[in-house]
Amino acid sequence: MIPIQWEAIELTALAPLLTALLVAVFILLWDAARRSDDLVPHLLISLVGAVVVAVYSFYLIGTREESFQGIVIADNLSLIANILIMAGVFFGALLGYDYLVREGIHRGEYFALLFFSASGMMVFVSAQELVAIFLGLELLSIPLYLLCASHRRRAESQEAAIKYFLLGAITSAFFLLGIALIYGSMGTTRLQPFLQFLSSGHFLSATTYEQSFIVTGITLLIIGLAFKMAVIPFHMWTPDAYEGAPIPAVAFMASTTKVAPLALFIRLFRFSQPHIPESFWLALVILLAVLTMTLGNIFAIPQTRIKRLMAYSTITHVGYILVGVIAGNRLGLEGVLFYLITYLIAVMGVFGIIFLVSTPLEGQTSIYDYSGLHKRSPLLALAMTIFLLSLAGIPPTAGFFAKWYVFAGAMEAKMAPLVVIALVNSVVSVYYYLKVITIMYMGQPGQITVREKPALLRSGEDLPEKFVKLRKIISEADTRGKKLHELLLEKGVLVDTAQAVEEGEPEPVEVPDELLRKPALHPLTLTLVVLMLIAVLLVGLIPGPVAQFVSIAFQ
Amino acid sequence: MTLSASYFPILSVLIFFPLITAIILLFLRGEDEKLIKWSALVASLVEFLLSIPLFLGFIKGLSQLQFEEKYAWIPAFNINYHVGVDGLNLFLILLTTFLTPLALLASFESIKTRVKEFLVFVLILETGIIGFFSSVDLFLFYVFLEGLLIPMYFLIGIWGGERRVYATVKFVLFTLVGSLLMLAAIIYLWNVSLGHNLSYTDLYFMKIAPQVQLWLFLGFALSFAIKVPLFPFHTWLPDAHVEAPTLGSVFLAALLLKIGAYGFIRINVPLFPDVTQAFVPIMTVLAVIGILYGGVVAAVQPDIKKLVAYSSVSHLGFVVLGIFALNDVAATGAVLQMINHGLSTGALFLIVGMLYDRRHTRFLDQYGGIARVMPLFYVIFLIVAFSSMGLPGLNGFVGEVLILIGSYKTLPTMAILAAPGVLIAAVYLLNTIKKVMHGEIRIKENEKLRDISLREAWVLIPIVLVIFWIGIYPKPFLDRIAPSARAAIASASAAGSIDIREELIETFKSKKAKETSGQNEETRDPREEKLR
């Protein structure tokens, strides 16, 4: 037996990760020991934990630490990715608290799962060895499946989790097979020798047999990553998972989960690209990127559920981000990180608003439910507009400079056609973002829509069966509900409504002003939205400091 | 580098004053409509007063930028906040500050819902337009260009006519398609320019291979052609104009359409001289088609607003022709004609808006005999219409004649083909006046229309005064425009000068008869001769 060499175990590189895991475990223990339904301690622990890990990662920037003989490293890229992930956890926790309280889910696992998943991502971004990366992938994914399922009273939540889990499991199988093939031909699972082998020209001199192993292996790895990033055609789980999963979990998934696979992508491309510019996987990723942005946009256009729309929007954005990865130069890769930051800001803001506008059990999440939001809540409508404009990449919001950054990188790499494709796609995406803005500002404030999935609604006691679709709006209006119902009957609008529902058209129904539902302003989420609003404008107007921050990653 | 008034950042004040006012307005109570309206109006008047020093302090005879300001904005990318004024954009900025208070005053009574939001959007739009015209750095240029779409989108979409949502989405998407290709071109320029410098003053000195120029030219040109709008790209314009509220139409016609023409003479022509040379036939043919087609379509419109919208297509065709004639006189005329069109078409839309406020219809056959009940209104309408069709003594004449004379020198065929456009303009405008103003009053509601109120007189009379000023004494305008216009087209006309000279010699020899007839046309107004 080889004696343990204690001095060889250097844990500094692992410290942020271990801290995150500790926080997760601590939250779980606290949850087991507590007596009340109060979730405030969980929230506070999470916020403090996220800040500590982020600050610690920031403190480590500039050093290069290795653990386990270089299997896990802490370089600037991974540390900056850590900070991004922790930002996602911080805002995810903030968003989650209000949601859990409103939905009556008095369980603390939500916060612990965030941290577990985050630590998986941190393994992912700092690992230098394929098996460790696989471990990270699993550690990242399994808590996400649970997060999806965490709203136990919503059937969709369960459905989302099952779908995500099944497809995720297949991903893992792909990924593992890829690792096995690479190991089989290379004899190592370390990234460094593998990338050197690819870039030094040994690859071309290898036998066809070996080459085919490696090619298949890399393709499978890319497919595995593509699944996680929801790249078309491996995106099938995304719309369903996003629609079903609880709002804060979706916000976390949409914004933060992308960081980990993209950081790995950057790692792979940064080392290999300068040497083999015409490598086949570059072609593969270009194909995936073009498919992702184009089809993502096309699929997004007809969506009427806001969370589904955001799912497709996320897919599209991954396509744009991949443009930066493909560029492979410093500008493009910095752009990827910059894009991820602005994307995180905008998505957190959007989902904050989606939560505020929605009603318990996630009612009112059709885009038509945003009709006249400017009247019900001018602040939320304005904020939503600015977030959507940022996602669409319209100046002077942060999203514009992110696009500029990424596309400037691609242009520097002489990929003008790709930039043009991406820009044309940006125009298409404006269409569906504008649709939401149009509904918010130009829809009549008194309009509500009645298109709902009937099966998901509990039947009302005081309502005829055919009006069950209106029940959601009415029931949440507390005592007003009955008044509203009577009023609608008096006015005779309910008859039209029922017909409209049968025809499947989201026909608007007039509701008088005084009965309009104003979004409940949960203070924490509202703070989050306002913060993100300031951030999105500030980063848009003064992108310099953030650009400087992301440039550290590649120094 | 700065030539004058370096001690006071007047351009930045002009750009951001409306925005700051808009932000302050946001915090006022929405119910207090009177206060909000008046504060917005006063703010826009102050803005106009602030812009007067720009005119007075402008040094004549210089083509360089004046009132220049340059601050580092995103140092890592060498992107600067760089603004400046020269003869090309001076009057466009002044036109913006001049028309905004008038348009605001005009909509005092027609805008009844969501007044606060309306005024906020108008002021933000003003910031966007002034910022766009004064930006020198192309990044800033693009930021303002897209930024001003947002308020315009809301102005049409919320306060527009029946099909407003369709019109506004169409407007935004059309514009975006063009401007995103322009963004690709700007990103490319940023990548290849020396020190990643995007100020156009520096880009002018850059040597770009003709092959690359072609793509860059196309990227910019498509964007500007949609904005102008040049002939096949104009379909968004009638929709947007018809559905927009009066103020929206005024801004759209008077200012937003100029973005395209300004972009051509500011970016396309000086930056890509070789390709500009090659594109002269295509651009001028499109411009002439626009002149004739726009005029003919305008002549058959039953809807006054649509009529004025199509007349814009025709008038802007003249401007594009003037720019791509690559001739000093024509270019000067084109820049002046941008202002003229802004004044006369802006006024026409205001007038149509006033009619609409009274009768709530835009159809010609609903009017008739209005001159009897609204005599003062009739006079003003007449003057504005004459200005639009280019009657001597009014502003439209100066611009159109300069364009025609100038382009005749370089592109005689095009000038001759375009000239009937002036006639067609007379046809549809006189016809409009006949149908609206003359004859018997056939419809009862028209009998009791009140003449223009004091408020409306305040809106129209300043414009009429400027129309006369430019028409009678255009020297202050031309003196300021000419050097910059000459500088803008210098490299492009030099780029192909050898070919052109040879061509010209050929033309001179073979078509002497036509040449003399052209000179007849030139001698029509001796004043123009002197100016040249």
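The values are calculated or read from the model by the stated rules, or taken from the named source; none is laboratory data. Here the structure is a predicted model, which is why all the values come from computation and not from measurement. Counting neighbours? That spans all protein chains shown, and the Cβs are built from the backbone with ideal geometry, glycine included.
Taking the stretch B:151-166 as the range and being more than 7 Å from every other protein chain (Cβ to nearest Cβ) and in a helix (DSSP H, G or I) as the test, the residues that pass are B:151, B:152, B:153, B:155, B:156, B:159, B:164, B:166. Looking at residue B:51, is it over 16 Å from residue B:252 (Cα atoms), touching a Gly at 6+ places or on another chain (Cβ under 8 Å) and of a type in the set (Gly, Ala, Ser)? So residue B:51 does not fit the description; no. Only a single criterion out of (1) over 20 Å from residue B:396 (Cβ atoms); (2) among the aliphatic types (A, V, I, L, M); (3) under 17 Å from the mean Cα position of the chain (by Cα) is not satisfied by residue B:371, namely (3).
If you go through the stretch B:46-83 and keep only what is surrounded by 15 or more Cβ atoms within 10 Å (Cβ to Cβ) and either on the phi > 0 side of the Ramachandran plot or charged (D, E, K, R) (or both), you end up with B:47, B:67, B:68, B:69, B:70, B:78. Are any of the residues in the stretch A:434-443 within 8 Å of chain B (Cβ to nearest Cβ), at pLDDT below 85, within 24 Å of residue B:150 (Cα to Cα) and assigned to a helix (DSSP H, G or I)? Yes, the conditions are met somewhere in the stretch A:434-443.
If you go through the stretch B:167-178 and pick out every residue that is at the interface with chain A (Cβ under 10 Å from one of its Cβ atoms), under 23 Å from residue B:120 (Cα atoms) and in contact (Cβ under 8 Å) with a residue 40 or more places away in the chain, you end up with 2. Within the stretch B:103-145, the set of residues being in a helix (DSSP H, G or I), more than 13 Å from chain A (Cβ to nearest Cβ) and surrounded by 23 or more Cβ atoms within 10 Å (Cβ to Cβ) comprises B:103, B:104, B:106, B:119, B:122, B:123, B:125, B:126, B:129, B:130, B:133, B:134. Residues in the stretch A:285-300 include at least one that is farther than 30 Å from residue A:76 by Cβ and crowded, with 24+ Cβ neighbours inside 10 Å.
Within the stretch A:321-334, is there a residue that is within 24 Å of residue A:369 (Cβ to Cβ) and out of contact with any Gly (no Cβ under 7 Å at 6 or more places or on another chain)? No; the residues of the stretch A:321-334 include none that is within 24 Å of residue A:369 (Cβ to Cβ) and out of contact with any Gly (no Cβ under 7 Å at 6 or more places or on another chain). The sole residue among A:168, A:120, A:136, A:96 that is touching a Leu at 6+ places or on another chain (Cβ under 6 Å), among the small types (Gly, Ala, Ser) and at pLDDT 90 or above is A:120. Restricting to the stretch A:181-197, and then to whatever is outside any helix (DSSP H, G or I) and touching a strand residue (DSSP E or B) at 6+ places or on another chain (Cβ under 8 Å), can you tell me which residue is nearest to residue A:209 (Cα to Cα)? Among those that are outside any helix (DSSP H, G or I) and touching a strand residue (DSSP E or B) at 6+ places or on another chain (Cβ under 8 Å), it is A:189.
So is residue B:429 surrounded by 24 or more Cβ atoms within 10 Å (Cβ to Cβ), in a helix (DSSP H, G or I) and not small (Gly, Ala, Ser) or not? Spell out how you get there, then give the answer.
Details: surrounded by 24 or more Cβ atoms within 10 Å (Cβ to Cβ): yes; in a helix (DSSP H, G or I): yes; not small (Gly, Ala, Ser): yes.
Yes.
Evaluation of residue B:100 against the conditions (1) among the hydroxyl-bearing types (Ser, Thr, Tyr); (2) more than 17 Å from the chain's Cα centre (by Cα); (3) closer than 17 Å to residue B:259 by Cα shows that the sole unmet condition is (2). Just one of the listed residues (A:408, A:402, A:398, A:413) is touching a helix residue (DSSP H, G or I) at 6+ places or on another chain (Cβ under 6 Å), more than 30 Å from residue A:304 (Cβ to Cβ) and more than 9 Å from every other protein chain (Cβ to nearest Cβ), namely A:413. Is the stretch B:10-25 home to any residue that is in a loop (DSSP other than H, G, I, E, B) and either among the acidic types (Asp, Glu) or in contact (Cβ under 8 Å) with a residue 24 or more places away in the chain (or both)? No, every residue in the stretch B:10-25 fails to be in a loop (DSSP other than H, G, I, E, B) and either among the acidic types (Asp, Glu) or in contact (Cβ under 8 Å) with a residue 24 or more places away in the chain (or both). Which of the following residues is more than 14 Å from chain B (Cβ to nearest Cβ) and within 21 Å of the chain's Cα centre (by Cα): A:390, A:358? Sole residue among the options that is more than 14 Å from chain B (Cβ to nearest Cβ) and within 21 Å of the chain's Cα centre (by Cα): A:358.
Of note, residue A:382 satisfies the criterion of being more than 8 Å from chain B (Cβ to nearest Cβ) and assigned to a helix (DSSP H, G or I). Within the stretch B:187-204, residues that are under 17 Å from residue B:69 (Cα atoms) and within 11 Å of chain A (Cβ to nearest Cβ) have Cβ atoms under 8 Å from residues that are assigned to a helix (DSSP H, G or I) and among the hydroxyl-bearing types (Ser, Thr, Tyr) in no pair, counting only partners at least 6 apart in sequence or on another chain.
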